[in-house]
Structure formats: structure tokens, C-alpha cells
1. Report the FRET efficiency, 1/(1 + (r/R0)^6), for A:Val267 and A:Ile83, where r is their Cβ-Cβ distance and R0 is 22 Å, rounded to 0.05.
2. Can you compute log10 of I(q)/I(0) for the range A:179-258 with the Debye formula, treating each Cα as one identical point scatterer, at q = 0.15, 0.19, 0.24, 0.25 Å⁻¹?
3. At what distance in nm do the modelled label points of A:Gln152 and B:Leu201 sit from each other, each positioned 7 Å from its Cα along Cα→Cβ?
4. Which value, in debye to the nearest 20, describes the size of the charge dipole of the range A:63-288 about its Cα centre when Lys and Arg Cβ atoms bear +1, Asp and Glu Cβ atoms bear -1, and nothing else is charged?
5. By the gyration tensor of its Cα atoms, with a ≥ b ≥ c the square roots of the eigenvalues, what is the shape of the range B:94-219: rounded for a/c under 1.5, prolate for a/b over b/c, or oblate?
6. With each pseudo-label sitting 7 Å past Cα toward Cβ, what's the A:Tyr188-B:Ile22 distance in nm, one decimal?
7. Could you point to the residue in A:Leu225, A:Leu282, A:Thr74 farthest towards the positive end of the range A:63-288's charge dipole, with +1 and -1 charges on the Cβ of Lys/Arg and Asp/Glu respectively?
8. By accessible area of protein heavy atoms, probe 1.4 Å, what ranking do A:Tyr95, B:Tyr284, B:Tyr189 get, highest first?
Amino acid sequence: MRLIPGDIIDLMLAQNDIATGQDRAAIEAALGLNQSLVAQYFSWIGAALTGDLGNSLWQNVPVVDQLAATLPITFELGLLAMIVALSVALPIGTYSAMRQDTAGDYISRSFSLLMLAIPSFWLGTLVMVFPSVWWRWSPELNYIPFTEDPLQNLKHMLVPAVLLGLSMSAVTMRMTRTMMLEVMRQDYIRTARAKGLSESLLVLRHAVRNGLIPVVTLIGLQAPLLIGGAVILEQIFVVPGMGLLLLEAVFQRDYPVVSGVFLIVGVGVLLINLLVDLSYGLLDPKVRHQ
Amino acid sequence: MSTRAAELVSAPISSKSSWPIIDFTRRLVRDKPLGAAGGLIFLIFLFCGIFADIIAPYGINDTDLHRRLEAPSLSFPLGTDHLGRDVLSRILYGAQLSMVVAFLAAGLATIISIVLGLASGYFGGKVDMIIQRMVDAWMTFPDLVLLIVVVSVVGPGVPQIIIILGLLYGIAGSRIVRGSVVSVKENMYTHAAQSMGGRNLYILRRHILPNVMPVVIVLFTTRIGAVILAEAGLSFLGLGVPPPAPTWGSMLSGTGRTYMYLGPWLALAPGLCLTIVVYSINVYGDALRDLLDPRMRGR
């Protein structure tokens, strides 16, 4: 039910103008744009249920094919970014909580606030411009599929993934810190400490596992952010993913493609949230027993 | 300066002292020096934006093709771009545009959040259910994707951007207002007012709204940063404020990009301004939140 992008599709269809200046009516008829908006919407929904998202208005290839080609690329970018984000956020967030109000804590908190403020497109631009001006080095911009040359592919994806991951790490880091602070004040931590458990075991076995649950929720909430960030970074680093597809479709008024991407994004976000809900059981035995 | 910072945000709260603004500023400077500094820096940018017409040494579209891509110098403190336009002047006018969009869109967003949050939180039941499910659906989609699609439909332009950003952040923010309305609603004085036969509108205005105001003020502050970033992102993609208006986002994109290799300073100033403005308002918002709303501390 959450997936019905009805009003937006109606709006999009209401505004369609194919700028060829030729026989408008004929083109409209060919593309099925001459039917009423409601009829178009319902035929779209009907077809979508059977896995047919229509053809691109410009390239006359099925939207499903376009999505199938671009989705894995964006998925890879997102996955890499998530790995970067977590491997930055979790250790630093935990460290920050363990050393609350020390210089290290202030530095890492300022860093996370700064990452929230720096626009990723600016960071991307800097990475493109300055190394090339100073050292004649520029990031890889030719996309090579992972299956053809994994190393070359990763070389291309690494820079946008790191940038995306860093911008995502900010919120996760803050959340990790807050949760760790809260957990460390619990009675069972005091008990564990009293029985002489070493600090590192205490943190790893007792604190992190309990503190992590809200952080996992946050990862689910950040999924839309990831996709939004991917749109910009894919454009800068010419990654032929779904973000780039969406942008091109928007500029060309290619409605079936836009709706298709929209649908996939909605389903994707729902799936990620479902996975997050399921992962509670793994992380928290209390949930499993209920 | 920082007196005005507090004036901007603390005016609606409080009645303890005859000069609550000064009290509050004093508290801010004493307890949260970093936050106060953030507020001050933001005010400087606001000031630059308001008086851009007076401060800017050149017009935004004064082109001088003999002086293209000049490195920063005394006559052009931030250099010139590929059309020989002064970057500093464009940055200042960009600040103006950013501030206009930020205040109007964040204001609109806050109003929408208040209305939805009050209705949803206070009336509860079916109203709450319907509003919250719609908010759910709305929040499934990534901000930027939603923005791109809507802008592509209504076309780029300042009023459109303000309305879309206002709607986007307003709907998402209604959750936060709702949460605090739900807790205020259970207070004794609300029940007392209800049992005395107070009309809903009266109770909302007199009892609920003043008590959720701290949350609303913090929400407004944090939204300013988010809106500035979102507008810049859209302009960067070519979907924001249409050229030749100088926005920080569009200065980093489009034709300017190809010239950055010849004049790297073109890539620096707009992004740096964006970062500083958003950073300072976020730090200020954080400090404000700690002072006004202890429950949200550190979140």
C-alpha cells in the first residue's frame, strides 16, 4: 500500500510534452499517452503487477531491462558505502563513548558534525579537481562490470563509495556513541566489571551487542539517504547506476523509467527495513523468545 | 551579534525575566561557547546575504572577458570565473539566495510539522492513524529522489523549490512534533483544561503549543541546514534555481566544472561556504537542543 506513487504519476503524466514538434497526436497514440490519466495509471499498475513496467519512451527498451542493468551497480555502490560507513562509525563511536569528554571524544564528534555539513557533491568535485591539478591523477571514470575485471571495477567504485560512506557515517557514529553511553551505565555492565572482566571483553561482549540494536534500526532508516547520495555521486563519477538512469529519465521526461526507478526504490527501502526487523532476532535474544 | 541569534530563536519561549533573550544568550555563551560561535558565524552569513547588494564589489553578471579565470587578487579576492565574473560577488548573492530559500522553506516546513503534529498527536485515534500512514508512505522515498521527480514535474524555480522543500521536511518533521505533543497531552493541566470544557483549539493554542515550542525551535534550526544542503544539491544537478542566478550549488556544477582544472579556486569557495554555514547552524542547533530540550540531548 505504501508503494502507490499515484499522485506523482498523475502529475507526471499531466505534464507530458514530447518536444519533437511533429505530429503530436500520432506520437501520443503510439506511446499510449492519449488515454486518460486514470486509465494510464491503472494500466501501469496492472502491468507492474505482472512484472511489466513498460518501455522507455526514448529508447524503446523495456524498463525492466534497464533496471536490471543498473540496479546491481547502485547496489554495489551502496554496499561498499555501507561497509565504509560502519567500519568508520562503529569503532570511532564506541571509542568516543568510552572516552567521554576527552579531546578524542571532541575531535570525533566534531568530525561527525563536519561530515554532516560537507555536501558530498563538493567533496566529489574536490577529489576530481585537485589531485588532477597537483599530481595529474584523477579518479577512474570508465565503468567496467565487476564480472569482467573485479579489480578495475573496485578501483572505479572505491572513491564514490568512500565519499558516500563517510557522509553516512556521521549519523551512525553519533547514534553509536549515544547508545554506548547509555549501555555502559547499566547494572549488568557494573556486574560484569565487578566480576573482573577485562575492559575489552566487557565492551565487545556485553556493551556493543546491546548498544547495537538501535544502530541497526538507524541503518535501515539511512537506506533512503544512501540512494539519494548515490544519485549525486553517480553523476559526478559517471557510475552507470540507477541514480544516473533516474536523472537522465527526468531530464528527458521519460515517465516509465522514472516510475520504474521510483517503484524499485520504494520496494528496496521496504525490503531493507524488513531485513532490519528480522536482524533484531539475531542480535537480541530477548526478541527471539517473545 | 549573538544577541540577535538568540532573538531569532528564543523570542517565543519564556516569560521568566523581562529580558529573556539576554538571559538566554548569556546562558548559551557560558554553557555552550561552541554553539554560540556557530550562531555568530551563521549570523555573519545572514548579514552578508541581506546586504549582498551593498557589500558585493561587482554585479552578479558583470562579465569582463579580458579578465577570465583570474586567480584571487586584491581586486578579485576570490578570483574570477570563466566569464570574468567576480566570484566573491557571486558568493555573496548566493548567500542571499540560500538564506531566502532556507528561512522560507524551513519556516514552511515548521508550520506544516506543527499542524500535522498537533492534529496527529492531540486527536489520536483514526486521525493519527491516517496521518501517520501517509507520513510513512512519504518517508519511504529518499529525499533527493522525491525532490528530483517533483522538480522535474513542476519545473525549477525559487518558489517551487521553497514549497517542495517545505513540504518534504515538514511532513517528515511532523513525527517529532507529534511525539512531544503526545507526551504534553498527558499532563495534568491539559486534562484540567479539558474537564473545564475548554475547546480543543483553545487548549492546543494555550497549553499544548507553548509546551512543544522548544522542540519546534530546535526543529526549525536543524531544518535550515538541511534545506540549504538540499537546495544546493538540486542546483548542482541543474534542477534547482535556474541560471543565471548564482547559487552555491550551481557554481559547482554545469559549465563551471570544466574550467575548474584551469582555475581550482572556482571549486573551493562555494563548497566551503556551504560547509561553514551548515556546520555552524548545526552546532548552534545542537547547543540549542541541549539547552532547551534536555530529553533530546546527544541524539
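The values are calculated or read from the model by the stated rules, or taken from the named source; none is laboratory data. The shown structure was predicted, so the numbers you read here are calculated from the model rather than taken from an experiment. Cβ atoms come from the backbone with ideal geometry, glycine included; neighbour counts cover every protein chain shown. Accessible surface areas use protein heavy atoms only, side chains included; no ligands, DNA or RNA. Shrake-Rupley method; radii C 1.70, N 1.55, O 1.52, S 1.80 Å.
1. According to the calculation, E is roughly 0.45.
2. Here log10 of I(q) over I(0) equals -0.65, -0.80, -1.03, -1.07.
3. 7.0
4. 1040
5. prolate
6. 5.4
7. Of the candidates, A:Leu282 comes out farthest on the positive side.
8. Reading off the accessible areas and sorting them downward yields A:Tyr95, B:Tyr189, B:Tyr284.
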